[in-house]
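A quick write-up on the structure given underneath.
The values are calculated or read from the model by the stated rules, or taken from the named source; none is laboratory data. A quick note: this is a predicted structure, and the numbers were derived from the prediction, not measured. Backbone-built Cβ (ideal geometry, glycine too); neighbour counts: all protein chains shown.
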């Protein structure tokens, strides 16, 4: 695994409570503080108010494109624009299309397929945080 969590806060947005709880446990055991949201609207609200260091976002939640809409909204809003986003989905199990990050259509940093191996999740989160570099504390100027 790459760098250590050092108090990093992760927002986990997924409409599957079992997925949220399983991955919350994995991330918490590794030392991350985890904030959970169970739909896109709640995820957007918490991203703005909690200013996490990273967001793990499901692609398909309350609608087929909810995760896409949330990722675009996060990238448009000043307080959340620079927060790394890891999108997780099982869309490839049902749709024969290859989806990758795209600055306009799917503005996320990384893309993982469900189910995600815990070690891969931790490595991906650590790598994304390391690549993002330090962020100013909440409330301070960029």
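Brief remarks on what is shown
- Odd one out for residue 65, checked against (1) more than 15 Å from residue 121 (Cβ to Cβ); (2) modelled with pLDDT of 95 or more; (3) out of contact with any helix residue (DSSP H, G or I) (no Cβ under 9 Å at 6 or more places or on another chain): (2)
- Condition met for residue 106 (modelled with pLDDT under 80 and closer than 20 Å to residue 15 by Cα): yes
- Of the helices (runs of 4 or more DSSP H) lying entirely inside segment 2-95, those containing at least 1 residues that are under 24 Å from residue 131 (Cα atoms), out of contact with any strand residue (DSSP E or B) (no Cβ under 7 Å at 6 or more places or on another chain) and in contact (Cβ under 8 Å) with a residue 24 or more places away in the chain are 17-29, 40-50, 66-76.
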